Amino acid sequence: MIVEDSEFDREKLRRILARAYGGMRVEFAPSIEAARRALESGDKALILLDNNLPDGLGANFALELACDDRHADTPIIMVSDWPSPIMWEKAASAGVLYVVNKSEFDAGYIETALRQFRSHERRMN
């Protein structure tokens, strides 16, 4: 799932995913509230999360997910234009795998995150 309010950035992230994982189903949420609703419909393999969203900060949402047993193990990558020191601190507290500037984001981050998720799933089963 991509949680991003900018249509331009959603499309950019979608293209990166499509090039690396052509068959991957991508769901979009333009706000934190939309992301909450999407998570109610089932687990997500990965969350790409912007920090500046219309209804709050992605870093705070990552902390919320870290405290929720259903979603605490979902890999999160924060993709932001302006990663701040406070955002880095919150992201680390929430267990976010990476904080990446949007201009530097590539499929390598996704591959590592999905590998970690699959490894965790195998340990749980």
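The values are calculated or read from the model by the stated rules, or taken from the named source; none is laboratory data. As the structure is a prediction and not an experimental result, all values here were calculated from the model. Backbone-built Cβ (ideal geometry, glycine too); neighbour counts: all protein chains shown. Each accessible area value is taken on the protein alone, full model and side chains, heavy atoms only, with ligands, DNA and RNA left out. Shrake-Rupley method; radii C 1.70, N 1.55, O 1.52, S 1.80 Å.
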(message) Can you work out the Karplus-derived ³J(HN,Hα) for every residue in the stretch 92-106? Use 6.51 cos²θ - 1.76 cosθ + 1.60 with θ = phi - 60°, whole Hz, and x for glycine or proline.
(response) 5, 5, 8, x, 4, 5, 9, 10, 10, 5, 3, 6, 9, 6, 8
(message) With a 10 Å cut-off between alpha carbons and a GNM built on the chain, which of Ala94, Ala59, Ala18 moves the most?
(response) Ala18
(request) Based on the mean of other Cβ atoms within 10 Å per residue, sort peptides 81-89, 49-57, 105-113 so the most packed one is first. (result) 49-57, 105-113, 81-89
(message) Tell me the net charge near Arg10. Cut-off is 14 Å between Cβ atoms, Arg10 excluded, with +1 for each Lys or Arg and -1 for each Asp or Glu.
(response) -4
(request) Heavy atoms only, probe 1.4 Å: what % of the accessible area of the chain goes to carbon and sulfur, would you let me know? (result) 49
(message) Loop by DSSP (not H, G, I, E, B), at most 15 other beta-carbon atoms within 10 Å: where is the longest site-free stretch of the chain for trypsin sites (Lys or Arg not before Pro)?
(response) 71-125
(request) Determine ³J(HN,Hα), in whole Hz, for all residues of the stretch 3-15 in sequence, where each value follows from phi through the Karplus function 6.51 cos²θ - 1.76 cosθ + 1.60 and θ = phi - 60°; x replaces Gly and Pro. (result) 9, 7, 8, 7, 4, 4, 5, 4, 5, 4, 5, 4, 5
(request) Send over a whole-number figure in Å² for the accessible area per residue of the chain, probe 1.4 Å. (result) 56
(request) Any aspartates and glutamates with Cα under 17 Å of the Lys102 Cα? List them, leaving off those in the same chain fewer than 8 positions away. (result) Glu4, Asp5, Glu7, Asp9, Glu11, Asp50, Asp81, Glu111
